Amino acid sequence: MSYGLLRGKKGIITGALDDKSIAWHVALRAHEEGAQLLLTNAPVALRLGQPKALSQQLNAPLIPADLTQISDIEKLYEEALRHFGGPVDFVLHSVGMSPNVRKGKAYAELDYEFYFKTLDVSAVSFHKMLQVGRQKGAFARGGSIVALSYIAAQRVFPKYGDMTDAKALLESIARMFGYFLGKELGVRVNIVSQSPTPTTAGTGIAGFQAMYDYANKMSPLGNASAAACADFIVALFSDLTRAVTMQTLYHDGGFSAMGIAEELLQ
Ligand SMILES: NC(=O)c1ccc[n+]([C@@H]2O[C@H](COP(=O)([O-])OP(=O)(O)OC[C@H]3O[C@@H](n4cnc5c(N)ncnc54)[C@H](O)[C@@H]3O)[C@@H](O)[C@H]2O)c1
């Protein structure tokens with residue numbers, strides 16, 4: 001059901017790889033709520049994933065950009081400014097990848113080249129998007145920017161490996177940049193900390209199914225789906241949340257407030 005929450009708004013959605021991606025659901029919901037979109041993903045994802053199908057379905061341009069590369073991010077904003085004829089009202093950062101996790105390297109035995117790659121792709125890319133976007137004048141006054149995190153930034157989930165540190169950094173970047181963009185442009189920057197979700201990135205974590213089942217039992221509302229996450233993010237893009245900024249907001253069915261669930265004790 002559409003409430004017209006994003007009517008007249010324009011936004012950039014990163015990270016929609018296939019119909020399981022959280023970003024894919026956000027793009028569909030934002031479109032349904034009346035937004036005009038520009039999609040972007042890494043060049044390799046354009047070849048191997050299905051972002052082209054989404055771009056056609058939503059009549060939204062699809063711009064290849066490796067978000068670790070400043071020159072790609074510059075081109076992305078130039079394209080967005082040209083396409084929309086002005087700055088954007090919202091941005092979704094929905095990007096994460098750890099070569100250490102992919103190769104099964106435990107947290108106490110990291111490959112440091114991989115570690116820097118994890119931090120660059122999963123966290124510093126957010127800083128780059130915010131810094132370059134600000135320099136390019138690509139953010140409209142009163143806009144809203146959201147990135148996705150996981151509760152491993154606050155609590156220990158051993159198999160989450162170096163993604164843990166990337167998420168802690170990502171959340172810090174949102175807080176810091178939220179201050180500067182808030183003061184300057186009234187732009188909000190928030191983090192949505194989402195339940196385990198069966199996507200390509202999610203299921204790449206060793207023991208994902210066990211983490212998913214555990215969180216599902218622990219959370220009084222059960223795990224939050226990608227579709228529910230999209231609803232929440234659309235609310236954050238809308239004017240209904242215009243005083244919320246610099247927060248890590250838990251979208252997790254109550255998991256983060258729990259100690260132990262009776263179901264797990266039995
Ligand atoms: N799935 C979960 O359990 C879960 C839980 C909490 C948070 N998150 C976060 O949600 C976000 C989206 O992940 P998802 O679960 O939808 O998985 P996904 O695999 O569908 O999306 C990850 C996206 O990152 C993109 N990407 C990777 N490297 C890139 C680069 N260098 N430049 C541009 N794009 C790049 C991929 O192409 C892909 O589209 C990530 O930040 C992830 O950490 C996921």
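The values are calculated or read from the model by the stated rules, or taken from the named source; none is laboratory data. Here the structure is a predicted model, which is why all the values come from computation and not from measurement. Positions of Cβ are generated from backbone atoms using ideal geometry, with glycine treated the same way; all protein chains shown enter the neighbour counts.
Any residue in the stretch 9-25 that's over 24 Å from Glu78 (Cβ atoms): show its pairings with residues that are at pLDDT 95 or above and among the acidic types (Asp, Glu) at Cβ separation under 9 Å, as long as the two are six or more apart or on different chains.
Going by the 9 Å Cβ cut-off, the qualifying pairs are Trp24/Asp18; His25/Asp19; His25/Asp231.
Of all residues in the stretch 226-266 being in contact (Cβ under 8 Å) with a residue 40 or more places away in the chain and of a type in the set (Gly, Ala, Ser), which is nearest to Tyr160 (Cα to Cα)? Outline the logic, then answer.
First, pick out the residues of the stretch 226-266 that are in contact (Cβ under 8 Å) with a residue 40 or more places away in the chain: 226-227, 229-242, 244-253, 255-256, 258, 260-261, 263-264.
Subset that is of a type in the set (Gly, Ala, Ser): 226-227, 230, 235, 238, 253, 256, 261.
On the way: Ala226: 19, Ala227: 23, Ala230: 23, Ala235: 28, Ser238: 32, Gly253: 20, Ser256: 16, Ala261: 22 Å.
Looking at residues that are in contact (Cβ under 8 Å) with a residue 40 or more places away in the chain and of a type in the set (Gly, Ala, Ser), I get Ser256.
Does Leu181 satisfy the condition of being assigned to a helix (DSSP H, G or I) and either of a type in the set (Gly, Ala, Ser) or within 8 Å of the ligand (Cβ to nearest atom) (or both)?
Values: assigned to a helix (DSSP H, G or I): yes; either of a type in the set (Gly, Ala, Ser) or within 8 Å of the ligand (Cβ to nearest atom) (or both): no.
No: the conditions fail for Leu181.
From the list Gly34, Gly8, which one is over 20 Å from Ala227 (Cα atoms) and not basic (Lys, Arg)?
Values: Gly34 fails: over 20 Å from Ala227 (Cα atoms).
Being over 20 Å from Ala227 (Cα atoms) and not basic (Lys, Arg) holds for just one of Gly34, Gly8, which is Gly8.
Exactly one condition in (1) within 9 Å of the ligand (Cβ to nearest atom); (2) crowded, with 19+ Cβ neighbours inside 10 Å is not met by Glu33; state its number.
(1)
When you go through Leu119, Leu148 one by one, which is the residue that is within 16 Å of the ligand (Cβ to nearest atom), surrounded by 23 or more Cβ atoms within 10 Å (Cβ to Cβ) and at pLDDT 95 or above?
Details: Leu119 fails: surrounded by 23 or more Cβ atoms within 10 Å (Cβ to Cβ).
Within the list Leu119, Leu148, the selection yields Leu148.
Here is a list of conditions, (1) within 11 Å of the ligand (Cβ to nearest atom); (2) touching a residue at least 24 places away in the same chain (Cβ under 8 Å), and Gln69 meets all of them except one; can you say which number that is?
(2)
For the stretch 36-53, what are the residues that are touching a Leu at 6+ places or on another chain (Cβ under 9 Å) and of a type in the set (Lys, Arg)?
If the condition is that a residue be touching a Leu at 6+ places or on another chain (Cβ under 9 Å) and of a type in the set (Lys, Arg), then Lys52 is the only one that fits.
Output the qualifying pairs, or none if there are none: Cβ atoms under 8 angstrom, residues six or more apart or on different chains, first residue in the stretch 77-90 and within 12 Å of Gln36 (Cα to Cα) and touching a residue at least 40 places away in the same chain (Cβ under 8 Å), second residue β-branched (Val, Ile, Thr) and in a strand (DSSP E or B).
From residues that are within 12 Å of Gln36 (Cα to Cα) and touching a residue at least 40 places away in the same chain (Cβ under 8 Å), the pairs are Ala80/Ile12; Ala80/Ile63; Ala80/Val88; Val88/Ile12; Phe90/Ile12; Phe90/Ile145; Phe90/Val146.
Could you check, for the stretch 87-100, whether at least one of its residues is of a type in the set (A, V, I, L, M), farther than 26 Å from Arg242 by Cβ and either at pLDDT 95 or above or not in a helix (DSSP H, G or I) (or both)?
yes
I'd like to verify a number: residues in the stretch 194-210 that are surrounded by 20 or more Cβ atoms within 10 Å (Cβ to Cβ) and more than 7 Å from the ligand (Cβ to nearest atom), how many?
Let us first name the residues in the stretch 194-210 that are surrounded by 20 or more Cβ atoms within 10 Å (Cβ to Cβ), namely 194-197, 199, 201-202, 205.
From the residues that got through so far, the ones that are more than 7 Å from the ligand (Cβ to nearest atom) too are 205.
Total meeting the criteria: 1.
So, of the residues in the stretch 211-227 that are of a type outside the set (A, V, I, L, M, F, W, C) and part of a loop (DSSP other than H, G, I, E, B), which turns out to be farthest from the ligand (Cβ to nearest atom)?
Kept after step one, since they are of a type outside the set (A, V, I, L, M, F, W, C), are these residues of the stretch 211-227: 212-214, 216-217, 219-220, 222-223, 225.
Next cut, part of a loop (DSSP other than H, G, I, E, B) only: 219-220, 222-223, 225.
On the way: Ser219: 13, Pro220: 19, Gly222: 14, Asn223: 9, Ser225: 11 Å.
Going through the qualifying residues, I end up with Pro220.
Give the residue, chosen from Leu62, Leu48, Leu17, that is surrounded by fewer than 24 Cβ atoms within 10 Å (Cβ to Cβ), within 15 Å of the chain's Cα centre (by Cα) and within 13 Å of the ligand (Cβ to nearest atom). Quick ask: steps written out before the conclusion?
Working: Leu62 fails: within 15 Å of the chain's Cα centre (by Cα); Leu48 fails: within 15 Å of the chain's Cα centre (by Cα).
Checking each option against the conditions leaves just Leu17.
Taking only the stretch 134-166 into account, find how many residues are in contact with a Phe, Trp or Tyr (Cβ under 8 Å, 6 or more places away or on another chain), in contact (Cβ under 8 Å) with a residue 60 or more places away in the chain and not polar (S, T, N, Q).
7
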